[in-house]
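Below is one structure, written out as structure tokens, with a few remarks after it.
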Amino acid sequence: MNPVVRWETVSFHYPGAADPTLSSVDIALPEGELCLVVGNTGSGKSTLLRTVNGAVPHATGGTLRGRVRTAGRDTASHRPRDLADVVGMVPQQPADAFVADTVEEEIAYGMECLGVAPDAMRRRVEETLDLLGLAEVRARPVTALSAGQQQRVALAAAFAAQPALLVLDEPTSALDPPAAEEVLAAVQRLVHDLGTTVLLAEHRLERVAQFADSALLVPGAGRPPVVGGTAEVLADAPVAPPVVELSRLLGWDPVALSVRDARRRAAALRLPAPPPTPRAEAGEVVASARGLVARHGPVPALRGVDLDLRSGEVVALMGRNGAGKSTLLSCLAGLHRPRSGRVMVGEADPARLRRRDVARVVGLVPSEPADLLLADRVDRECAAADREAGATPGHTAALLAELVPGIPADAHPRELSCGQRLALALAVLLARAPRLLLLDEPTRGLDYPAKRRAADVLRRLADDDRAVLLVTHDVELAAQVADRVVVLAEGEVITDAPAAEALAASPAFAPQVAKVFAPTPYLTVDHVRRAAREASA
Amino acid sequence: MSGLFAVPRPLHPLAWWGWALGVAVAASRTTNLLLLVLLGAAAGYVVAARRTEAPWASAYRVFLRIALVIVAIRVVFQALLTGSAGTVVLVTLPRIPTPAWLTGVRLGGDVTAEALLAAVADGGRLAVIMTCFGAANALASPSRLLRSLPRALHELGVAVVVALSAAPQLVTAVGRVRRARRLRALPHRGFRGALSIVGPVLEEALDRAMTTAAALDARGYGRRSLVPAGRRRLTTVALLGGLLGVVLGLYGLLDGSTVLHIGQWAEVTTGTLGPVLVLAGVAGCVVGLVLGGRAVVRTRYRPDRFLAAEWIVLASGAACAGLFLATAALGGPASGLSPNPWALETPGLPPLAALGVLCALLPAHLTPPPPPTRAPEAA
């Protein structure tokens, strides 16, 4: 079988970089497969993907040594536009790449550029609309679609031109789980029903690992990438979904990739009921909301929400998009004045305080933590935060070092990884020592290790006599860190219960481990590890 | 209504823009308030009957507002600044003395009905032209118009569309960053606030532009077939020469009195040379565009067709403009198109121009309706 892409002793330096981002890449990608690209954030996954169509080095600059051949064409002599007929790229943020007004024009654009005959083009657009379930929205403006639909349009646009290979670089990183599911189901359909070759980088491995034919591990730090069967590669990859971690813990070989698989093997296992998790006893009430009603224009966003947040506890706020989660955060942070009802943070209503005083009691990390940052260097950012808070110089920098050690002081905040940026934003807010911390989707774009570190940080912050409320779609994160889970639906609280109870029983919010062991209420691999240790002791 | 027009479909954008241009030309020929109001109403009626439900269709309202502001500004300036001739004094504003070197400018003083009327008519003309532009926007999105550019210019059109679509994203980015500034209790209003917001927003916009460029490239934007060097040079020469010809020719058309000496043998006025140069320049441009278009490999998905309904729309716009021009040519100063504002008389209704207004109304009924945006629920 002919490889679609062949990397021959490839190495790549970004302009001005001391170390190579990629080195000694010597692999071939066979045709007709779904190949999963795994690796830590910053390991060079995106760079590797972008060498496929020549965007690296044609668009980025830098030095590429060796040779990349895509469908037999050398990318050194072919620019991305000359490879557009063999490689379909699906961008991370589809909204940035739209050129047409309506869905069907957008899908046709790539084919127009390639000069596909009009009647063939018409046929392919119709077929693609049906394949990806976009027929109902065909005449809608692309800007009026939901994020999941937009990503499906981008996928359709890349697929319609019938390239030999589709490249998807974290297509779901900006989406909530239902929308991500929608997109990944569409990808799976293209692979299984149509035999499209797909190269997919994705950090929600738990969703796709079971469908992949092979995996490509990019270890980073200059080590050569390897290709192999999904189970073998994931068995010792630095990033792994919960079922794979569970397999490692229990010594399954090959590792389980799906919940079904794991459940079958776990049936033979005798595990005791989980010991009750050591719960920090909830302290005094830091913030409370009573009968909160809020609207956005004419649309009711909250309809009578009651909520107490106590010091020492981490609360996960979940629910689908538009359920009122962000509005609740805004109300607690005093950004949004509720129609009726009462918000108390500490002894005051944040909507009636001056912003300066609000910042001393509440800290809110928005879903783009970078929005909070203004300086061009990490140390200047920390110094500015000290001045604003009236703290002793070095206070914020110390906080930051405590949260995530080893962030270079002279780095530009934009150059930091998502996790480091989150830590910096947290440190800036913590400089004023608020007792209530609110986080909007803190783990978007974080890989598994970074997510675990973020969870540890949140736990420590809560143990330090604070209340932490995080809005998240990520059930694995909620299972790891939350003491209590609150679910909102249509502006009302429909669940407010301890995490184990709320997550294990719910079909929608159950984490992978809970699904494997149901009805025994294990939530995370850590719970299983602890139980196994106690059983053997 | 005949079957031809019963099937809903969007019309070719050129037809609507041509029609709007016709109505705008008609409006530019008159200061007759009655005719201006009728023209504006006709354009509004057509928009109400034939606009789509797409987001850009709401642009009409924005343009209407701009038009009203134009009239208001014109009237205020007339009242405050330029002073008033005429006899019917409405109010007398306190006069502010101006220095000697500002003769001709007067601040305050008598405000007469005649002067205000003249200002309304003058501003009204500009306002109706604006509403015509708004109508064209509402009836056919400008990006669809750019899509029907000649092949050689198509990519320029795409670039413009992509650049324009970044504007709403900028607005949301500003909102987001301002909210974050409030969270950090930093100034988010006023000059300092604006300054601290501009940086991050621009940085983000730049990042996004890079992503967009890479994405466009990956989709085959700018693919060309191999063109022999000779033809490439010919294309450039034809296009540049043509543009130069058009520019020089327009200069000639605007000022036709200059005499050019060609050596000692002949002399020619720019007035005769102008049209010749314009025609030659246009021909050069057409040749250049056709040659350039051949190098482009792209095809077009469901191109807008130019059928009978489009011709009707175009013809009604042309007829409207033509009838106004004819009125002006036949009637001279007494045509009724530009009544003397200082006479304070009721504006008349020149029959030919009135017919022109009626022509402008035709597309409201003689065209197929736009397709509904949402498919009707399946029964």
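Values computed for the structure shown
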item: Selection within the range A:327-360 - in contact (Cβ under 8 Å) with a residue 40 or more places away in the chain, small (Gly, Ala, Ser), within 14 Å of chain B (Cβ to nearest Cβ) and in a loop (DSSP other than H, G, I, E, B); result: A:Ala333
item: Condition met for A:Ser24 (surrounded by fewer than 17 Cβ atoms within 10 Å (Cβ to Cβ), part of a loop (DSSP other than H, G, I, E, B) and outside the structural domain of A:Gly445 (by TED's automatic domain parsing)); result: no
item: Residue that is closer than 30 Å to A:Ala351 by Cα, aliphatic (A, V, I, L, M), within 11 Å of chain A (Cβ to nearest Cβ) and under 30 Å from the mean Cα position of the chain (by Cα), where the choices are B:Ala173, B:Ala166; result: B:Ala173
item: Residue that is over 30 Å from A:Gln512 (Cβ atoms), over 17 Å from the mean Cα position of the chain (by Cα) and buried (at least 22 other Cβ atoms within 10 Å of the Cβ), where the choices are A:Ala397, A:Ala462, A:Ala482, A:Ala431; result: A:Ala431
item: Residue within the range A:43-53 that is touching a Pro at 6+ places or on another chain (Cβ under 6 Å), surrounded by 21 or more Cβ atoms within 10 Å (Cβ to Cβ), within 14 Å of chain B (Cβ to nearest Cβ) and of a type in the set (A, V, I, L, M) present; result: no
item: Among (1) within 11 Å of chain B (Cβ to nearest Cβ); (2) outside any loop (DSSP other than H, G, I, E, B); (3) farther than 25 Å from A:Ser11 by Cβ; (4) touching a residue at least 40 places away in the same chain (Cβ under 8 Å), the one test that A:Met89 misses; result: (3)
item: Sole residue being within 14 Å of another protein chain (Cβ to nearest Cβ), closer than 30 Å to A:Ser288 by Cβ and among the charged types (D, E, K, R), chosen from A:Glu388, A:Glu381; result: A:Glu388
item: Qualifying residue in the range A:211-220 (condition: at positive phi, surrounded by fewer than 18 Cβ atoms within 10 Å (Cβ to Cβ) and in the same structural domain as A:Leu49 (by TED's automatic domain parsing)); result: yes
item: Long-range neighbours under 8 Å by Cβ, at least six apart or interchain, first residue more than 21 Å from A:Leu446 (Cα to Cα) within the range A:226-242, second surrounded by fewer than 23 Cβ atoms within 10 Å (Cβ to Cβ) and among the acidic types (Asp, Glu); result: A:Thr230/A:Asp213
item: The range B:208-236 residues that are facing another protein chain (nearest Cβ under 7 Å), paired with ones that are acidic (Asp, Glu) and in a helix (DSSP H, G or I) (beta carbon under 8 Å, 6 or more apart); result: B:Arg208/A:Asp96; B:Thr211/A:Asp96; B:Thr212/A:Asp96; B:Ala215/A:Asp96; B:Tyr221/B:Glu155; B:Gly222/B:Glu155; B:Arg223/A:Asp82
item: Some residue of the range A:101-117 being modelled with pLDDT under 90 and either more than 9 Å from every other protein chain (Cβ to nearest Cβ) or touching a helix residue (DSSP H, G or I) at 6+ places or on another chain (Cβ under 6 Å) (or both); result: yes
item: Options A:Gly61, A:Gly88; residue that is of a type outside the set (Lys, Arg), outside the structural domain of A:Arg453 (by TED's automatic domain parsing) and crowded, with 18+ Cβ neighbours inside 10 Å; result: A:Gly88
item: In the range B:96-155, the residues that are within 14 Å of another protein chain (Cβ to nearest Cβ) and among the hydroxyl-bearing types (Ser, Thr, Tyr); result: B:Ser141, B:Ser143, B:Ser148
item: Condition met for A:Ala154 (modelled with pLDDT of 90 or more and crowded, with 22+ Cβ neighbours inside 10 Å); result: yes
item: Residue match in the range A:245-256 (condition: buried (at least 21 other Cβ atoms within 10 Å of the Cβ) and within 22 Å of A:Asn53 (Cα to Cα)); result: no
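The values are calculated or read from the model by the stated rules, or taken from the named source; none is laboratory data. Given the structure is predicted, the values throughout are model-derived calculations rather than measurements. Note: ideal-geometry Cβ built from the backbone for every residue, glycine included; neighbour counts use all protein chains shown.
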